[in-house]
Each structure stands twice: as structure tokens, then as C-alpha cells.
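What follows is a set of notes on a single structure, which appears directly below.
Please treat every number below as a calculation from the coordinates, not as lab data. Since we're looking at a predicted model, the values are computed, not measured. Cβ sites come from the backbone with ideal geometry, for glycine too, and all protein chains shown count toward neighbours.
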Amino acid sequence: MNRNCIIVAAISATALLQTPQAIAQGLSSEVEGVIGLGVGSAPTFAGSDETETEVLPIIDLEWRRFFLNSELGVGGYVLRRDDDIAEYGVALSLGYDFESREQDDDARLSGLDDVEGTATLNAIFEYGLGPADLEFVISRGIGGDGHGGTTATLSAGFDTMLGERLQVGVAPFVRWADGDYTDAFYGVSASEAGRSSFSRYDASSGIERYGLELSGYYRLTERVGIAAEVEWGRLSGDAADSPLVFDDTQIEVGIGLLYNF
């Protein structure tokens with residue numbers, strides 16, 4: 001299973017954060033956000049050289065200090081400020097990481113243990129710094145047959161208007177992962193080596209990937225618009241060197257039709 005749910009979540013966040021109409025609505029209503037339908041295409045699993053396309057619902061809602069969206073799940077802000085003096089926020093959420101890898105994804109994975117999606121506990125830190133919006137997300141997998149690891153992702157978003165209807169953005173990012181995460185997706189245990197065509201491989205903690213996101217939102221009407229995103233990512237360190245990685249360049253794209261309220 002790929003990361004398409006994350007892609008459409010990024011699309012909805014693009015519209016929610018960048019649309020002037022959505023911002024204006026947020027000033028006059030307790031509930032703000034976007035709902036819609038998106039199509040996302042991403043590598044079948046981390047390191048795959050094949051892609052998978054899915055149609056998925058898009059949800060990104062906020063009510064007072066609480067939020068619900070496809071990427072971070074259900075959560076709330078424990079600290080938030082947005083005025084002429086400073087812009088920052090700290091939030092906690094319970095979400096779900098759809099990143100997984102199964103033998104059925106690729107015949108070359110025969111003999112490897114499946115890595116299922118997993119529930120996550122997330123801590124989100126946001127800070128507005130001049131033209132950039134900084135975000136730092138720490139995510140911990142909990143329970144089930146998922147990776148059970150921790151990732152920390154730092155990104156910086158830069159946005160600008162091109163005319164009255166189109167807004168575009170760029171966001172470089174880097175993600176660190178602990179040994180549990182990298183070993184689940186990129187490691188080969190002794191027992192797996194005995195059942196598969198791969199030699200044993202230990203993947204340790206470090207920078208798992210870095211990349212760049214390009215996004216855009218075009219407002220068709222006051223409430224309806226089209227959002228799109230392209231993400232270029234490059235696996236790094238032990239992840240890139242893993243025998244389970246068939247392509248260390250990971251391209252993800254998505255587009256969605258959204259309704260703002």
C-alpha cells in the first residue's frame with residue numbers, strides 16, 4: 001500500500017492554508033476547512049520502482065482548537081497564537097500511518113515479513129517565520145503489526161499568489177527515522193534472509209529521506225477550487241543502501257476537487 005492518503009491530505013492542507021476565501025471564512029465561523037475528492041499516485045511501498053493510484057476522500061476540518069484530517073488524524077492544539085506579534089502552535093493527535101509493505105506488492109519481496117499500517121501518536125510544532133511557515137512533526141507508531149518506530153519531519157513552506165485565483169507553494173523537507181522504523185521497512189532479518197533471496201541487512205537510525213514539495217491551488221468559485229501537489233523525495237543513508245530499495249527516488253503526485261467552508 002502506498003502513501004496516497006498522505007498525498008491527498010497534503011492537497012487539502014494546501015487549500016485550507018492558502019485559500020484567501022477559506023481564511024476569510026475562518027474569521028467568521030467556528031468551523032472551517034475543506035472536504036473533497038482526490039486522486040493520488042505514489043510508489044507502491046517505500047523504495048518501490050512501481051506506482052499505485054487510488055481515489056480517496058479529502059477531509060481537513062478545524063473547530064476551535066480541534067482538527068480532523070487525513071494525515072494527522074484527530075487532535076487538538078494545546079498552545080496556539082496567531083496575531084501581529086507571533087504565529088505558532090503546538091498540537092497533539094492520534095492518527096494512522098498508511099505506509100506499509102506486503103509480499104503481494106512485488107514478487108521480489110517473497111519471503112519477507114509484511115509491514116502493516118499502524119496507528120500513530122503525533123506531536124506537531126508550527127512556527128511562522130517571515131515568509132516561511134515551519135513545521136516539525138514527531139510521529140510514533142503504536143500497536144499492531146506496523147513499524148512501531150518514530151519519525152521526525154521538518155519542513156518549511158513558502159507560498160505566493162499569482163494573480164487573484166492562483167496560489168503556489170514550495171516546501172523543502174527532511175525526515176529522520178529511528179532504528180525500529182528503518183529496520184521494519186529497509187532491514188532484512190536473519191530469518192527473512194533464510195526465506196528470501198536477500199542477504200541479512202541491518203538498517204539503523206538516521207536521515208531516511210529528504211525532498212521538495214510543489215503545490216498549487218486554483219479558486220474556481222468562492223467555495224470550490226482545484227488543488228494539486230507534486231513531491232520529489234530521495235531516500236538517504238541506510239534506507240537508500242537497502243537491498244529492498246529498487247529506486248531511491250520517490251515521486252508522488254496528487255490532485256483534488258475541494259469545497260471550502
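Note on region 63-77: residues that are touching a residue at least 40 places away in the same chain (Cβ under 8 Å) and more than 15 Å from the chain's Cα centre (by Cα) amount to 1.
Applying the set (1) under 25 Å from Ser205 (Cβ atoms); (2) buried (at least 20 other Cβ atoms within 10 Å of the Cβ); (3) among the β-branched types (Val, Ile, Thr) to Ile138 leaves exactly one unmet item: (2). Being in contact (Cβ under 8 Å) with a residue 60 or more places away in the chain and among the β-branched types (Val, Ile, Thr) is a property that Val168 lacks. Within region 242-259, the set of residues being more than 22 Å from Leu109 (Cα to Cα), more than 18 Å from the chain's Cα centre (by Cα) and not aliphatic (A, V, I, L, M) comprises just one member, Tyr259.
The residue that is surrounded by the most Cβ atoms within 10 Å (Cβ to Cβ), among those in region 185-202 that are polar (S, T, N, Q) and touching a Ser or Thr at 6+ places or on another chain (Cβ under 8 Å), is Ser196. Taking Thr150 as the residue in question, decide whether it is surrounded by fewer than 19 Cβ atoms within 10 Å (Cβ to Cβ), of a type in the set (Val, Ile, Thr) and under 30 Å from Ser191 (Cα atoms). Answer is yes for this residue.
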